[in-house]
Structures are given as structure tokens and as C-alpha cells.
Amino acid sequence: MKTIAIIPARGGSKGVKSKNIRDIAGKPLIYYQIKNALDARLVDDVVLASDSDEILAVGDKLFGDRICTVKRPTEISTDTSKTEETLLYVVDVADKQYDYVVTLEPTNPLNRPYHIDEAISELTNNPGLDAICAAVEDNRLPLESQNVINRPFLANIRPKLVECGNLWATRAEALRKYHNRLGHQFGWVILSQEDTYHLDTEADWVVIDALMRRRLLTEPGRYCIRRQRQGRWDESYWKGVVDPDGKVRDKTQEQGKRLAECREELAYINSLPPGKVLDVGCGLGFLLAGIDPRWEKHGVEISEYAAEQAQNYGTVLCGVLAGAKHPNDYFDVVLWHHVIEHLENPVEELLEIKRILKPGGKLILGTPNFGCELAKRAGDNFRLLHDKTHVSLFTAESVQAMLRDAFFEIEKVSYPYFGTEYHTMENLEKTFWPEKDCPPFYGNIVTVYAYKK
């Protein structure tokens, strides 16, 4: 059985201007249903059909030869034209014969590939049906129903099934015969409410953008490259760690060094009205020591030894952030400095930070920038790859994208280097041959200052 998925995307939309190519959660609207079709196991070919050259060009730029683009004639692209006219046109001009036609409206971007596969499978397994549509359960009470007065408990209401517009899978012969994507006899697959929001208004746009960003946060590999953890951290780290330059260091003797390296971050915090601050992965507490004593200082640290030392500078929990069980909207500032590269699920911890930050609360996030120019030139010799506990590798761009998708607003981005102990002539000279001896350099580290919306 051959299946074609068609995404009809007319230009000149009336409700939301240029909606089909407008950005939603970082991508043009048409991206999502095209991507759903490409990721569905049972779809053979994907076609974007539009009367707009601009929409077709955007689709081509996004997906290239992975999809086909078809220009819809003007006569089937009016305000009164039916979607079925476009479906039939595409099927007729195709150079292949198809058994099934899947219709995917761009205005239902929260659709998922497995819904498409489920609908196609249902159609295959029910030869007496012409089509399968997507449906959602609706528990609302119609005003003409007596139930609206009796008002039964929600659990006792028999939900109605409503067509939701995510997809239609239709036999090609039925589409030709009835000129209707439901044919004559049809069935349905039931989708969750969250997957079925339809975009018609600006208000819909806000809701769907938020839902899409929340979904994208959990998409594997979206923000960072993951690599296998090699070796395990242990308590000997504090007095015998080997740095990227191969030097054995005693971290317990480096308070001054730590404060100097983070003077920009500390100056930023100390410029704010005093409140509650949390240092996640606070180590020995040196950064807490550098914060104005008028602040109420808290820390979280997995090392028993370090957490005990950090108690000298604030209230410190030994363990992971989620185990601290801080109240909602509690902290004014969270410092997340060189932690996320060590985490196997940084998004999970970011969402916990978001929960405990006050609205408008500040997040300061520092991490290696594995997309910097020196990293590109040095390749596998990039100095910050030498630490085998760095398992989540972000770039400056991807860490900002993660924050935006989690509904943080970026305030500023910094690349600390100039004025540090690493800003030396020797290191500058090494940048000419980073593949041999990769030095500290501008851009290797990124610090993002953001606030919770």
C-alpha cells in the first residue's frame, strides 16, 4: 500500500496574517506537520501544496528533496475552495499511484507521527471504511441538553466525540468517488486534548506556542550532544583534580581564584536588591562567600565534604536539587554555574529551577561553549572535551534556545576571558595551533543571564 501525505497551506490567510510561515516555537508553522509526515513510518511521500511561492520556498528550504512541492492553481485557492480540490489535484498530477491519501492541516501543529501511523493502520485493518479521521473527547455540556441544569459529575458525563482536524487518512478511490476526505463510511482514532489544539486566532497562537515549547524541551538531543560518561566523580576531586591542562590542583586552596574567575557574576548579583539566592552545585561555597552578606544564601551540593565546608557561607543541602524540595517561587536568584555539562538530564533540573524561581527571578547559567570557534578548529583536542564528566555538550546558541523554550527571557550573554588569568600572550600564541595544544580563549565559556517570565 502506497501512502501520500499532503499538507495544504494556502497563502493570504485572513484570521492570522501569514500564519503558515509565521514562527511558532522557533519554526515556521508548516514545519511541524511536514515533520510529522516525514517521521511517520507508514507514509511514503510527502507533498506541500500551496498557491504561495513564498510558502513553497520556505518548505523547500526546510526540507529540500525530502518533500515535493506542488503549486496550487488559482481557481482552487480561493476563500471558498475546498481542501478536497487540492487533494485531488495533487493526486492527479502525481507521477505515482497511491492507495491512501493523508491530509495534514498546518493549523494542527501539535499532531504526532504515531497518530498518523495509527490512522493508516486502522484504515488498513478495516476494509469496509473509506477513511479514518482524528477525534477528541468533549465533556462539555450543550446548552440545549437537560444535563446543563442537572449538572452531573464530570466522571458521569459520557463524552462526545468531536472531529479535531489533526489528520484524515482516506482511500484514494473513495476520495475520487465522493470528493470528500471522509468518503461515505468512516472511523476515527481518539487523540489526547493536548495534541489537538487548532490554530485560528492570536490567542490560539499563544497557547500552542507554549505547549509546543514545553514539548520540545523534552525532545532528546534538541539542545545538546550527549556522550557516554567515562568514570565517576568521587570525593578525592577537591584535593587531586586534573584540569584540562593536565595540572593537578587542590581546589580547597582556590577561593581567591574562584572569586576572580566569577567577578562578573558576583558583581551582577551584588548589584541587585538583596533577597534569597541559591547556588546549585555550590562546591566548597566560594561563590556564596563572595555574595553580599545581606543576601539569604542557600546551596545544593552532591559532595558530602564540599557541602560541609560550604555550610560556612550559607544553608547548604547535601544532595540533588529536586531533593531539596524548595517552595514554589522562592528564590530571587539562582546561580547554575558549570553544572549542566555534568548532568544527564539538564532540562529536568532547569524546570525545577524555574519552579523555585520567583516570577522575574534571575538565572545565571555558565557552561562550556562547545560551538565556539576554537572548538571547531581544535576538534577532538578542544580542551574542555578532556573532562570526561562533561556529558551534555551545549553551544552558546543551544543553551539560549533551551532557556527560551522554558520561558526565560535572555537579559545578556557574556564570554568571560579578558582580564582573567588565562588572558596571556602564551595562550594567545597557542590559538594558532589549537589542534596541538588547545588553550583557554575567548568564547570557550558562555555565561547567560536570564529571568523567569
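Values in this text are rule-based calculations from the coordinates and carry no lab data. The shown structure was predicted, so the numbers you read here are calculated from the model rather than taken from an experiment. Positions of Cβ are generated from backbone atoms using ideal geometry, with glycine treated the same way; all protein chains shown enter the neighbour counts.
Just a few scattered comments:
- Extreme residue, positive dipole direction of the chain, given options Tyr237, Leu38, Gly275 (C-beta unit charges): Gly275
- Multiplying the residue separation of Lys71 and Ala322 by 0.36 nm and removing their Cα-Cα distance gives an extension gain of 85.1 nm.
- Distance between the 7 Å Cα→Cβ label points at Val413 and Val148: 5.2 nm.
- By other beta-carbon atoms within 10 Å, ranking Trp168, Trp336 with the fewest at the front produces Trp336, Trp168.
- Farthest toward the positive end of the dipole of the chain, out of Phe370, Leu29, Ile7, is the Cα of Leu29, where the dipole comes from beta carbon charges about the Cα centre.
- Residues listed by number, segment 350-381, amide nitrogen under 13 Å from Glu435 label point at 7 Å toward C-beta: 376-381
- Footprinting exposure proxy for Lys436, Lys239 (fewest neighbouring C-beta atoms within 10 Å first): Lys436, Lys239
- Between Arg140 and Ala203, full extension at 0.36 nm per residue minus the direct alpha carbon distance yields a gain of 20.6 nm.
- Correct choice for Rg/Rh (Cα atoms, Kirkwood Rh) that was computed from the model, options (1) 1.08; (2) 1.03; (3) 1.95: (1)
- Folded to 0 to 90 degrees: helix 53-63 orientation relative to the chain principal axis, Cα: 50 degrees
- For segment 151-239, the residue among Leu161, Tyr178, Tyr223 whose Cα projects farthest onto the positive side of the dipole built from Cβ charges is Tyr223.
- Per-residue ellipticity at 222 nm, computed for the chain from helices alone with -39500 (n - 2.57) per DSSP H run of at least four residues, works out to -8500 deg cm²/dmol.
- Only the Cβ atoms of Lys and Arg (+1) and of Asp and Glu (-1) were treated as charged; on that basis the dipole of segment 229-452 about its Cα centre amounts to roughly 240 debye.
- Nonlocal amide H pairs with Ile445, under 5 Å, H built at 1.01 Å: Asn369
- The charge dipole of the chain, taken about the Cα centre with unit charges on the Cβ atoms of Lys, Arg (+1) and Asp, Glu (-1), comes to about 400 debye, rounded to the nearest 20.
- Legend: ranking of residues Thr80, Thr315, Thr74 from fewest to most surrounding C-beta atoms inside 10 Å; resulting order Thr80, Thr74, Thr315.
- Cα-based helix-to-principal-axis angle, 83-93 vs the chain, degrees rounded to 10: 90 degrees
- Normalised convex hull volume, segment 1-60, alpha-carbon set, Å³ per residue: 85 Å³
- Label-to-label distance for Thr315 and Glu235 is 2.6 nm, based on points extended 7 Å past Cα in the beta-carbon direction.
- Filter on Lys27/Lys354; Lys19/Lys96; Lys61/Lys96; Lys297/Lys388; Lys257/Lys453; Lys354/Lys436 - keep pairs with C-alpha separation over 29 Å: Lys19/Lys96; Lys297/Lys388; Lys257/Lys453; Lys354/Lys436
- Cα-based helix-to-principal-axis angle, 346-356 vs the chain, degrees rounded to 10: 80 degrees
- With the simple model of a label 7 Å out from the Cα in the direction of the Cβ, Val248 to Lys82 spans 8.1 nm.
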